[in-house]
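Worksheet: one structure, shown below.
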Amino acid sequence: QVQLVESGGGLVQPGGSLRLSCTASGITFRLYTLGWYRQAPGKQRELVASITAADRGDYVDSVKGRFTISRDNAKNAVFLQMNRLTAEDTAVYYCNSKYQWFDYWGQGTQVTVSS
């Protein structure tokens, strides 16, 4: 059974930082492209950052220079370091893994940026 479990969300003040983690089980993790998506109330889910099996990262423009995605294949984990957070980053953040036709999602973790 495939499971992706996110953690690390919470309430943070504007300008603060959070580090999201996602641990996977049931997949050959090193083969997968991993992504962090987010969905704010009333908005579509958007891809925030992704990292390929070759360890190449990519980011949506709104988070470039603030967010960093990384992976640890030995731990079957992917991380999202989020710095200089703003209210616009408030959303549910989802972990995703893709390989060929396999596509798996975590349950999401809430990130709220507010003073």
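The values are calculated or read from the model by the stated rules, or taken from the named source; none is laboratory data. All figures in this text were calculated on a predicted structure; none of them were measured in a lab. Positions of Cβ are generated from backbone atoms using ideal geometry, with glycine treated the same way; all protein chains shown enter the neighbour counts. These accessible areas exclude ligands, DNA and RNA; they are computed on the full protein's heavy atoms, side chains included. Shrake-Rupley method; radii C 1.70, N 1.55, O 1.52, S 1.80 Å.
Quick look at the numbers
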| item | result |
| --- | --- |
| Residue 46-residue 103 FRET efficiency (beta carbon distance; Förster radius 25 Å; 0.05 resolution) | 0.95 |
| For the range 34-115: accessible area per residue (Å², 1.4 Å) | 54 |
| Accessible surface of residue 29 - all protein chains present, 1.4 Å probe, nearest 10 Å² | 10 |
| Charge dipole (the chain, unit charges on Cβ, about Cα centre) - positive-most of 29, 1, 92 | 29 |
| Overall Cα dimensions of the chain, principal axis frame, Å, largest first | 40, 25, 24 |
| GNM result for the chain, Cα springs below 10 Å: residue of 21, 70, 62 fluctuating most strongly | 62 |
| Net charge of Cβ neighbours under 15 Å - reference residue 61; Lys, Arg +1; Asp, Glu -1 | 0 |
| Check: the chain dipole with +1 on Lys, Arg Cβ and -1 on Asp, Glu Cβ, in debye | 120 |
| Under DSSP loop assignment and at most 11 Cβ neighbours within 10 Å, longest trypsin sites (Lys or Arg not before Pro)-free interval of the chain | 65-115 |
| The range 73-94 versus the range 25-66: alpha-carbon centroid distance in Å | 9 |
| Fraction of accessible area attributable to carbon and sulfur, the chain (%, probe 1.4 Å) | 48 |
